Amino acid sequence: MNNLMRADLFKLSKLWSIKILIGILFISAILMTMISYSVAQGDAGQELGGLGALFSDLQMMSLIGSIIAGIFIVGDFKNKTIHDAISTGSSRGTLIAGKTMVYFILVALMILPYALITSMAIFTTDHSYAVLVPSAFLNLLATSTGIEVTALEVLKMIAIFLTVIIVYAGQLSIAVWIAFVLRKTVLVILIGYGVSILSGQLRSLGDSVPMVEKILAFTPYGFDLTLLTLDAEVGVFFKGITISLVFIAIILTLTYVGFKKSEIN
């Protein structure tokens, strides 16, 4: 599996499409921060605030994450890389595990632009920022800017970013399932992004339909990322990580069952 992962990482490092998508996330993180600042200062109206929400990690991670899953996993079905690996003795379980781990490394890289821009804003400015959507990064900007840079605060930020990575990995794990079972890039993007949008709509129904909120609470889609603050207790991090890891395990089990029964043409 290690050799397969190294080969995947090397191949991905050469793909301009992946580099462009990560670049888009850097631009989105900068725009999100700038618009959040403008709204907080009263220089921007509700319309611009809505645009800033579109550039937030809450929107971009599900969209770009689904696109990357389509490029990476479905692409390997199209170019017969997965077929060749199976024909040379790699098991389907090993392939799923290796591809998933590499994909989650990509998820961490997707989080990096938001983590870097947010950290710079928090530790180098004392500006006010507005929370445009329930995003961990926007919430950190709004509640933590201007704090003193200490080893403890840096460690807390790292813990927050790692937890955010795991939660998003949980949410995006469904793209792995779709990619291995359906093997259509368009379907991976549409369903992966669509599930994220649908879960957001369902969360908004939580007060009127408590059962929906209870069900979502057992998935990474229902975890409130705004709870991840510098003052958050350990239990908040434990809950987000545990729910996400259990969800990932369930999704990967379903992926293995579906992929094991499918034919490789």
message: Among the complete DSSP H segments of the chain, which ones combine at least 30 Å of alpha-carbon extent along their axis with a mean Kyte-Doolittle hydropathy of -1.0 or more?
response: 16-41, 92-124, 151-181, 234-261
- line: Over the chain, the sum of -39500 (n - 2.57) across DSSP H runs of at least four, divided by residue number and rounded to 500 deg cm²/dmol, gives at 222 nm -25000 deg cm²/dmol
message: Ignoring ligands, DNA and RNA, please state the percent of accessible area on the chain from carbon and sulfur, probe 1.4 Å.
response: 68
query: Using the alpha-carbon centroid of each, what span in Å lies between segment 148-189 and segment 44-112?
result: 10
Residue-span extension gain [PHE238 to ARG6] - 0.36 nm each, minus C-alpha spacing: 80.5 nm
- prompt: If you count, for each residue, the other Cβ atoms within 10 Å and average over each peptide, how do 122-131, 31-40 line up from highest to lowest?
  reply: 31-40, 122-131
field: Solvent-accessible ranking of LEU116, LEU138, largest area first, probe 1.4 Å
entry: LEU116, LEU138
Whole-angstrom Cα spans of segment 47-140 along principal axes, big to small: 57, 28, 17
task: Provide the gained length on full extension for the span VAL246 to THR143, in nm with one decimal, where the gain is 0.36 nm per separating residue minus the Cα-Cα distance.
output: 34.1 nm
task: Determine the alpha carbon to alpha carbon distance for each of LYS239/LYS261; LYS19/LYS214; LYS19/LYS99; LYS19/LYS261; LYS14/LYS80 and list only those over 27 Å.
output: LYS239/LYS261; LYS19/LYS214; LYS19/LYS261
query: Distance from the Cα centre of segment 1-20 to that of segment 230-249, in angstrom?
result: 29
task: Kindly report the accessible area of the chain per residue (heavy atoms of protein chains, probe 1.4 Å, no ligands, DNA or RNA), in Å².
output: 48
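The values are calculated or read from the model by the stated rules, or taken from the named source; none is laboratory data. Please read these numbers as outputs of a predicted model, since none were measured by experiment. Glycine also receives a Cβ, built like all others from the backbone with ideal geometry; neighbour counts cover every protein chain displayed. Heavy atoms of the whole protein, side chains included, go into the accessibility calculation; ligands, DNA and RNA do not. Shrake-Rupley method; radii C 1.70, N 1.55, O 1.52, S 1.80 Å.
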